[in-house]
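The values are calculated or read from the model by the stated rules, or taken from the named source; none is laboratory data. Please read these numbers as outputs of a predicted model, since none were measured by experiment. Here the Cβ is made from the backbone with ideal geometry for all residues, glycine too, and neighbour counts use every protein chain on show. Heavy atoms of the whole protein, side chains included, go into the accessibility calculation; ligands, DNA and RNA do not. Shrake-Rupley method; radii C 1.70, N 1.55, O 1.52, S 1.80 Å.
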Amino acid sequence: MHRQFAGPMSTAAEVVTRRKRISVKGIVQGVGFRPFVFQLAHELNLSGFVLNCSSGVIVEAEGPDQTLEILVRRLRQDKPPLARIDSLEIDDLPFLGDDRFSILASRPEEGAFALVPADVSTCADCAAEVIDAANRRFAYPFTNCTNCGPRYTIIRELPYDRPKTTMEPFVMCAACQAEYDDPLNRRFHAQPNACAACGPSLRTIPERHEPMHFARQSLANGNVLAIRGLGGFQLACDARNTAAIAALRARKRRSEKPFALMARNLAVVAAQCVVSREEAAALSGPEHPIVVLARRADCALPEELAPGNDTLGVMLPYTPLHSLLFRDLDLLVMTSGNISEEPIVIDNVEASERLGAVADVFLLHNREIHTRVDDSIVRISDGEPRLIRRARSFAPHPIDLGRTVPDLLACGAELKNTFCLTKDRYAFVSQHIGDLKNYETLTFFEQTLSRMKSLFHIDPIAVAHDLHPHYLSTRFAQSLEGMRTIGVQHHHAHIASCMAENGLREQVIGVAMDGTGYGTDGAIWGAEFLTADLASFERRAHFRYVPLAGGDTAIRQPWRSALAYLRDTFGDAIPSGLLSSVASGDRSLVERMTARSINTVPTSSCGRLFDAVAAVLGTRTEVTFEAQAAIELETLARKAGSARPYPFEVQGSAPMQIDFRPMFDAIVAQMAHEFDRSMIAARFHETLAEVIESICLRIREQDVLNKVCLSGGTFQNLLLLERTLLRLRARGFEVFLHRHVPCNDGGISLGQAAVAGERIERGE
């Protein structure tokens, strides 16, 4: 079967001088590339064909040399907005004398693979149809076309054709089929194409005849709504209703962690948050991620949405289903449909079991979600969108490594886990998996890995993993048979990740700052200055070790870090009045554990340093979610103006150690005189920025290196990042940041894969 357009073109015998095959690889399936080629060939009066294959798109065209050159140029320049061309190969073929240009059926290729398009938010044309009462898709919640709609979440295998998606059970009506078959229609071969007469449909629990009306009414009445969305379930409630927010927090077991919001439109967002031009572009772009924004001074939203935080994570509706919820309300809480620490739910039956005690009402549909994908989160820094969580609309877009690497698997870290697969020149970083600490998340990891290996025809010859022996990701890697295992130190992986996405292979100065990473000496690292290339690293400096008692408990109780730093600074003579909210029995227990080295480990963690300062200031002695103390310390620091750094010392040389005892001595003295806590927090941030500048200068002087890569979750702190960039650039350093993967542990898997590939290439 093929579709043809017999246009008003001259016969092949009169004009055809050559025939060329153009093989296009990249994101060229499911993005309107074939109809674009068809229309371009017709405009240029060329004959031949275009088809999808397992590796991308093949074009064979006949015509005059000059016209074929125009075709190739316009394929690159005028491609559809969602397409991405990574390679375009041209071969001469014998002239065949075709008299028309056709779109042929897809052609499978053994062992080949194509790039899978990510899910795309509703385009303007489809959005207009949904609100047009005269249109046959009026109020249809699954409206889409070639330029928008589900992709990755519904694809079972490639080539990307409807029978290989979860749309297979829905037989198109005559009107939809006519659109699907028409190369000049924007729904030509739009695999999820459907309408109310033939496509997926909604229902509610409890059952109602008008599901969408009932869902809107339930939200307006203060109920919690579970929505089966694009990549999984979401839990929603009225973002202005404090009782509904409190109920959702209690049921979801999420006491203080900020909730994401969905707003009717950009104007609603701008009424509550400061929105820059770059932030508006990120909110409205084809990805429609959650964007972290600063609250306006006159923001009228409840503090309970993000307690102790001066930012809000907001997104716009990215499916017609979401848009249709906003008739009566303008702002909704829209959070992942799960219980804390579990993967998002995707199945209707599973939802009733796992979310039955959370939601009052369920809004369901009958289109299967093949792959669960959470919402992506970005934040604008240094003028660019930076990913905090890489998921919907970004996964599974690959990172081009710039060179061919073998098939590899990298299993990532424990927190914010992703894995990475490589093939040819591409690194495929999975969507956000979550914290790999329970059976449910490990199952999600294994299912997604199996699907991505099959989708991209990847058969790894080696597996990279973190050095921590107890991580589930490490144990999974070591359980695989018949594959070489390659251990990669956590902070080297952070720097290698930044290098890989910036196309660097030469040695750089790496600054990796985060909460936890297993060091080569058995200590918990977390503030590391490295000289590194992709294959190896040398630790050049780190924060002075302090003893941390209690393992994971210490992460949940920042006062333990504070006690460690205070004892390191003052010994047994800690000034009175500090950590007064901590029970004396708990404090005595930790002091005994430290003195006897019971369940105590030395750490250089930057995250624990933030915890310590936050606890000393009385900002936060216990946390309910990761980095809560650091977030609140940054919020406090932004209330102050410019600040000068505290004193610190640099000791030793191999590696250097940064000693913060002078800083704590100064902070405690200021606390005794009731000094402004916001200024203390600001001075602390400035101190860290000066530490980074000072150590980078010392390394540059010794090693003549000028490129600096910044990585690790601590650099999600925009105040610290801004101050660090200002100082390093003023000193002439060339600084590289993350953009395509998170700087937090969500980017670790890319770094592990880059290190493993480099070591294999070098024969190590």
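Give the residue that is most open to solvent (accessible area, probe 1.4 Å), with candidates limited to residues of region 302-315 that are in contact with a strand residue (DSSP E or B) (Cβ under 7 Å, 6 or more places away or on another chain) and not small (Gly, Ala, Ser). Ranking the candidates gives Asp310 first. Scanning region 288-298 for residues that are within 20 Å of Phe326 (Cα to Cα) and either surrounded by fewer than 23 Cβ atoms within 10 Å (Cβ to Cβ) or not hydrophobic (A, V, I, L, M, F, W, C) (or both) returns His288, Pro289. Total residues in region 582-616 satisfying the condition of being part of a loop (DSSP other than H, G, I, E, B) and surrounded by fewer than 21 Cβ atoms within 10 Å (Cβ to Cβ): the figure is 5. Residue count for region 163-178, restricted to those that are free of Cβ contacts under 8 Å to residues at least 60 places away in the same chain and either buried (at least 18 other Cβ atoms within 10 Å of the Cβ) or of a type in the set (S, T, N, Q) (or both): 3. Considering Gln702, Gln716, the condition of being at pLDDT 95 or above and open to solvent by 60 Å² or more (accessible area, probe 1.4 Å) is satisfied by Gln702 alone.
Looking only at region 198-207, which residues are touching a strand residue (DSSP E or B) at 6+ places or on another chain (Cβ under 9 Å), of a type outside the set (Gly, Ala, Ser) and open to solvent by 10 Å² or more (accessible area, probe 1.4 Å)? Leu202, Arg203, Ile205, Pro206 - these are the residues of region 198-207 that are touching a strand residue (DSSP E or B) at 6+ places or on another chain (Cβ under 9 Å), of a type outside the set (Gly, Ala, Ser) and open to solvent by 10 Å² or more (accessible area, probe 1.4 Å). Every listed requirement among (1) closer than 21 Å to Phe715 by Cα; (2) free of Cβ contacts under 8 Å to residues at least 24 places away in the same chain is met by Pro645 save one, (2). Among the residues of region 348-369, the ones that are open to solvent by 30 Å² or more (accessible area, probe 1.4 Å), part of a loop (DSSP other than H, G, I, E, B) and more than 12 Å from Ala226 (Cβ to Cβ) come to 2 in all. For region 713-740, the tally of residues that are under 21 Å from the mean Cα position of the chain (by Cα) and farther than 15 Å from Glu634 by Cβ stands at 5. Applying the criterion of being under 21 Å from Leu230 (Cα atoms) and either open to solvent by 60 Å² or more (accessible area, probe 1.4 Å) or hydrophobic (A, V, I, L, M, F, W, C) (or both) to the residues of region 187-197, the residue that is nearest to the chain's Cα centre (by Cα) is Ala190. Total residues in region 13-58 satisfying the condition of being among the aliphatic types (A, V, I, L, M), over 21 Å from Tyr180 (Cα atoms) and either touching a Cys at 6+ places or on another chain (Cβ under 6 Å) or open to solvent by 10 Å² or more (accessible area, probe 1.4 Å) (or both): the figure is 4. Against the definition (at negative phi, modelled with pLDDT under 95 and touching a strand residue (DSSP E or B) at 6+ places or on another chain (Cβ under 9 Å)), how does Asn366 come out, yes or no? Here the answer is no, as Asn366 does not meet what is asked. Taking the numbered list (1) open to solvent by 70 Å² or more (accessible area, probe 1.4 Å); (2) closer than 30 Å to Asp374 by Cβ; (3) part of a strand (DSSP E or B); (4) not β-branched (Val, Ile, Thr) in turn, Pro81 passes all entries but (3). Of the strands (runs of 3 or more DSSP E) contained entirely in region 440-531, those carrying at least 3 residues that are in contact (Cβ under 8 Å) with a residue 12 or more places away in the chain and in contact with a Cys (Cβ under 9 Å, 6 or more places away or on another chain) fall at 462-466, 508-518.
Answer with yes or no whether Arg596 is modelled with pLDDT under 95 and in contact with a Pro (Cβ under 8 Å, 6 or more places away or on another chain). No. Filtered by the rule that a residue be of a type in the set (A, V, I, L, M), open to solvent by 70 Å² or more (accessible area, probe 1.4 Å) and either under 19 Å from Thr621 (Cα atoms) or in contact with a Gly (Cβ under 6 Å, 6 or more places away or on another chain) (or both), region 632-688 gives a lone residue, Ala672. Whether any residue in region 28-47 is within 18 Å of Glu109 (Cα to Cα), assigned to a strand (DSSP E or B) and modelled with pLDDT of 85 or more is what I want to check. No - not one qualifying residue is present in region 28-47. Take Ser340 and tell me if it is assigned to a loop (DSSP other than H, G, I, E, B), hydroxyl-bearing (Ser, Thr, Tyr) and open to solvent by 10 Å² or more (accessible area, probe 1.4 Å). The answer is yes for Ser340. Would you check which residues across region 728-740 are part of a helix (DSSP H, G or I) and crowded, with 20+ Cβ neighbours inside 10 Å and list them? If the condition is that a residue be part of a helix (DSSP H, G or I) and crowded, with 20+ Cβ neighbours inside 10 Å, then Leu728 is the only one that fits. Considering region 246-278 alone, what residues qualify as being of a type in the set (Gly, Ala, Ser) and either touching a Leu at 6+ places or on another chain (Cβ under 7 Å) or open to solvent by 60 Å² or more (accessible area, probe 1.4 Å) (or both)? Once the filter is applied, which keeps residues that are of a type in the set (Gly, Ala, Ser) and either touching a Leu at 6+ places or on another chain (Cβ under 7 Å) or open to solvent by 60 Å² or more (accessible area, probe 1.4 Å) (or both), region 246-278 yields Ala250, Ser255, Ala263, Ala267.
Scan region 349-363 and give yes if some residue there is under 20 Å from Thr418 (Cα atoms) and modelled with pLDDT of 95 or more, otherwise no. For region 349-363, residues under 20 Å from Thr418 (Cα atoms) and modelled with pLDDT of 95 or more: absent.
Tell me, please, whether a residue that is among the basic types (Lys, Arg), open to solvent by 10 Å² or more (accessible area, probe 1.4 Å) and free of Cβ contacts under 8 Å to residues at least 12 places away in the same chain can be found in region 106-113. There is no residue in region 106-113 that is among the basic types (Lys, Arg), open to solvent by 10 Å² or more (accessible area, probe 1.4 Å) and free of Cβ contacts under 8 Å to residues at least 12 places away in the same chain. Looking across region 370-399, just one residue is open to solvent by 40 Å² or more (accessible area, probe 1.4 Å), out of contact with any strand residue (DSSP E or B) (no Cβ under 6 Å at 6 or more places or on another chain) and in a strand (DSSP E or B), and that is Glu384. One residue stands out in region 248-271 among those that are in contact with a strand residue (DSSP E or B) (Cβ under 7 Å, 6 or more places away or on another chain) and assigned to a helix (DSSP H, G or I): the one that is nearest to Phe444 (Cα to Cα), namely Lys252. Just one of the listed residues (Ala128, Ala134, Ala124) is over 30 Å from Gly48 (Cα atoms), surrounded by fewer than 19 Cβ atoms within 10 Å (Cβ to Cβ) and within 27 Å of the chain's Cα centre (by Cα), namely Ala124. One residue stands out among those in region 502-532 that are open to solvent by less than 30 Å² (accessible area, probe 1.4 Å) and charged (D, E, K, R): the one that is nearest to Val691 (Cα to Cα), which is Glu528.
Of Cys709, Cys743, all but one fail to be of a type outside the set (D, E, K, R), within 25 Å of Thr474 (Cα to Cα) and either surrounded by 20 or more Cβ atoms within 10 Å (Cβ to Cβ) or in contact with a helix residue (DSSP H, G or I) (Cβ under 7 Å, 6 or more places away or on another chain) (or both); the exception is Cys743.
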